[in-house]
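Engineer: Just dropping this structure here.
The values are calculated or read from the model by the stated rules, or taken from the named source; none is laboratory data. None of the values given here were measured: they were computed from a predicted structure. Every residue, glycine among them, receives a Cβ derived from its backbone with ideal geometry; neighbour counts consider all protein chains shown.
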Amino acid sequence: MALEKGMIEPFQERQVRDGAVSYGLSSYGYDMRVARAFRIFTNVNSAIVDPKQFDERSFVEFEGDVCIIPPNSFALATSVEYFRIPRNVLTICVGKSTYARCGIITNVTPFEPEWEGHVTLEISNTTPLPAKIYAGEGISQVLFFESDEVCEISYGDRAGKYQKQTGVTLPRV
């Protein structure tokens, strides 16, 4: 279905490991990769994190093959893959166990029917130590749930605020 409907670009037809945190097609899902652009949260400017009035001074922009997330902090990142979700499909994302076993939690909200875009990833370092995130490697597994019927109102119908997002997308109201 993913290839037929162009749901994931680029699409890796097999799971790739070769010394990397695995990515690509898995048994019942797809392991997406994290791209090289990160926004690492900082308290240097004493900004307040407010989803209704987000202050861009809350983070430091970084691009590279390895991102270091400070202890007890988090970063926003984006997926390498661009997703197009059909009207009869919903996804749930869960973090990769390799990172979870290191105290690194990846949070991604569900991809609703007819949502499309690059995924904004929230990566939390719950440990008291700095944590490495490897760009171009697996970060989260996407699980796909196909319904027998199409939904009555899709994300596309509602003109959702994160439709067709690219790059690290900040909160919108």
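Engineer: Run down THR106, THR120, THR166 and say which single residue is surrounded by fewer than 15 Cβ atoms within 10 Å (Cβ to Cβ), under 14 Å from the mean Cα position of the chain (by Cα) and β-branched (Val, Ile, Thr). It would help to see each step written out before you state the result.
Structural biologist: Numbers: THR106 fails: surrounded by fewer than 15 Cβ atoms within 10 Å (Cβ to Cβ); THR120 fails: surrounded by fewer than 15 Cβ atoms within 10 Å (Cβ to Cβ).
On inspection, the qualifying residue turns out to be THR166.
Residues are listed down the side, and each one gets a yes or a no for (1) polar (S, T, N, Q); (2) touching a residue at least 60 places away in the same chain (Cβ under 8 Å); (3) not in a loop (DSSP other than H, G, I, E, B):
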site	(1), (2), (3)
PRO128	no, no, no
LEU143	no, yes, yes
LYS161	no, no, no
THR169	yes, yes, no
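Engineer: Continuing with the same structure: Given the criteria modelled with pLDDT of 95 or more, assigned to a strand (DSSP E or B), touching a helix residue (DSSP H, G or I) at 6+ places or on another chain (Cβ under 9 Å) and within 18 Å of GLN141 (Cα to Cα), does VAL80 qualify? Steps first, please.
Structural biologist: Details: modelled with pLDDT of 95 or more: yes; assigned to a strand (DSSP E or B): yes; touching a helix residue (DSSP H, G or I) at 6+ places or on another chain (Cβ under 9 Å): no; within 18 Å of GLN141 (Cα to Cα): yes.
Answer is no for this residue.
Engineer: If you don't mind, another one. Taking TYR82 as the residue in question, decide whether it is buried (at least 17 other Cβ atoms within 10 Å of the Cβ) and among the aromatic types (Phe, Trp, Tyr).
Structural biologist: Numbers: buried (at least 17 other Cβ atoms within 10 Å of the Cβ): yes; among the aromatic types (Phe, Trp, Tyr): yes.
Against the criterion (buried (at least 17 other Cβ atoms within 10 Å of the Cβ) and among the aromatic types (Phe, Trp, Tyr)), TYR82 qualifies.
Engineer: Applying the selection to segment 3-58, what residues are assigned to a loop (DSSP other than H, G, I, E, B), surrounded by 15 or more Cβ atoms within 10 Å (Cβ to Cβ), among the aliphatic types (A, V, I, L, M) and within 18 Å of the chain's Cα centre (by Cα)?
Structural biologist: Correct list: MET7, VAL21.
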